[in-house]
1. Take the residues of the range 70-89 that are farther than 22 Å from G211 by Cβ and touching a residue at least 12 places away in the same chain (Cβ under 8 Å): which is least open to solvent (accessible area, probe 1.4 Å)?
2. Taking only the range 93-102 into account, find how many residues are small (G, A, S) and closer than 16 Å to I156 by Cβ.
3. As an exercise: evaluate S49 against (1) open to solvent by less than 10 Å² (accessible area, probe 1.4 Å); (2) hydroxyl-bearing (S, T, Y); (3) over 20 Å from E356 (Cβ atoms) and give the number of the one condition it does not meet.
4. Looking at the structure I just gave you, is V22 surrounded by fewer than 24 Cβ atoms within 10 Å (Cβ to Cβ), at pLDDT below 95 and away from the ligand (no atom under 16 Å from the Cβ)?
5. What pairs can you find where one residue is in the range 93-106 and without any contact (Cβ under 8 Å) to a residue 12 or more places away in the chain and of a type outside the set (S, T, Y), the other is part of a helix (DSSP H, G or I) and more than 11 Å from the ligand (Cβ to nearest atom), and their Cβ atoms are less than 8 Å apart, with a gap of 6+ or different chains?
6. Any idea how many residues of the range 344-376 are within 16 Å of the ligand (Cβ to nearest atom), outside any loop (DSSP other than H, G, I, E, B) and surrounded by fewer than 18 Cβ atoms within 10 Å (Cβ to Cβ)?
7. So which residues in the range 271-321 are more than 23 Å from V346 (Cβ to Cβ), in contact with a Leu (Cβ under 8 Å, 6 or more places away or on another chain) and either in contact (Cβ under 8 Å) with a residue 60 or more places away in the chain or exposed (fewer than 14 other Cβ atoms within 10 Å of the Cβ) (or both), if there are any at all?
8. Restricting to the range 210-222, name every residue that is surrounded by fewer than 16 Cβ atoms within 10 Å (Cβ to Cβ), more than 20 Å from A40 (Cβ to Cβ) and touching a residue at least 24 places away in the same chain (Cβ under 8 Å).
Amino acid sequence: MSRSAVKMLYMRLSRASSLKGVIELPGDKSISHRAAMLAAIADGKTRISNFATSADCKATLGCLAALGVKIERDDATVTITGSGKYGLIKPSHELDCGNSGTTMRLLAGILAGQDFTATLVGDASLQIRPMRRIIEPLTKMGASVASNDGRAPLTITGSKPLRAIEYKLPVASAQIKSCVLLAGLYAGGETAVIETTPTRDHTERMLEWFGVKVRSENLKSGCKITVAGDAGLSACDFAVPCDISAAAFFIAAAVCLESSDLTLKNVGVSPTRRAFLDVLCEIGANIELSDEREISNEPTATIRVRGGLPQTSETLIIHGKTIANLIDEIPVLAVLGTKLDAGLEVRDAAELRVKESDRIAAVCENLRRMNAKVDEFEDGFRVYRSDLNGSQIDTYGDHRIAMAFAVAALLAAGETEIVDAECVAISFPRFFEALDSVVM
Ligand code: S3P
């Protein structure tokens, strides 16, 4: 099949001198998924504003509609009439999660507590991502999950009630944590998750916003997060902050392009999501936060970035617990690493190999195509200071690879061609328009 027959979009970009202005970012993808799911099982009508424009979140809405939830959408405002915890209905067809791991893993937690069987399917990328990590705890709780050797499709037969468990996360993953906590809402007794590495805490924050008591205790073994099975959820108004993971591409480009001055408003800056900002601030990047406040129990801020990448003689090394709090920002950090005199090393990030693509391989391959020197490790990579040359980029259908290499293109000599660029729609459909509006 020729490329045009499958409507592949080639995007051509070249070097920029700066990014200037104010950028409009979409609502946070992680938070939008959760808001839709909690609204679906709440009692009453929830109005969610600034709902993500991402294809992933559309997949979540599609699945919830197939479970009988009434959803109205008017641009970025989504109004959901909750079915209540026990009001979902057996879908008449498979639930299509598209490319979205969050949809599949979180929804699995809710489906585990229903008294019907439903099947979750996904696209080619989602079908090869690891699902044993949720199958194991859900099975312990009494649900039955049939899979293709630990991968999607997942056919979930719920149990009513589920068994309450205490579950220590084997992988630092907010998706697994959230899956178990959501299933915990359907268990007899208290369900607890113990995480040794803090991961994004949107589910916990949002459950409280919907009126569910969530207990967090710091133990020697990690943080123990507990929910009770008899908790009901009350509908509410929910405003989604803008997506810090979408902001990261613009922030990285602005930092690297000397005369930039870029403002990003109303960005979610939860301590469990902002490690990317913290790392850049630690190396002395000119990033200012203002108008810091909480919106719907989520910390937000306006971020102003001025160009200039400070240099040190030491390699910037990112590893250990920090990884979980900037996991989605690593592809663009790798690009930024090519502009650091002493380079960048990322370790303890093997999880990147099981994201929408093998992001370690995709980053290394594409950086090399652009003339960068890179060492690849099983759990990360080392990037050396390099002058980038324009090249053809293979996104592997991964939105974050496409956007990270759009940033690389702005820093490179000559023209860069991003193949399959339409995959940005997974998280940020108007990414290239937004970039165009601030590139000088
Ligand atoms: C997400 C958690 C992260 C992240 C993903 C979204 C979420 O995945 O990479 O893009 O919304 O909970 P893991 O929890 O698997 O690390």
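1. Checked the range 70-89; the qualifying residue least open to solvent (accessible area, probe 1.4 Å) is A76.
2. Residues flagged as small (G, A, S) and closer than 16 Å to I156 by Cβ within the range 93-102 amount to 1.
3. Exception for S49: condition (1).
4. Against the criterion (surrounded by fewer than 24 Cβ atoms within 10 Å (Cβ to Cβ), at pLDDT below 95 and away from the ligand (no atom under 16 Å from the Cβ)), V22 does not qualify.
5. No pair meets every condition.
6. 3
7. Listed by number, the list holds a single entry, G307.
8. Passing the criteria: L219, S221.
The values are calculated or read from the model by the stated rules, or taken from the named source; none is laboratory data. What you see is a predicted model, and the numbers here were worked out from it, not measured in a lab. Using ideal geometry, Cβ is built from the backbone for each residue, glycine included, and neighbour counts are taken over all protein chains shown. In case anyone asks, the SASA skips ligands and DNA or RNA and just uses the protein heavy atoms, side chains included. Shrake-Rupley method; radii C 1.70, N 1.55, O 1.52, S 1.80 Å.
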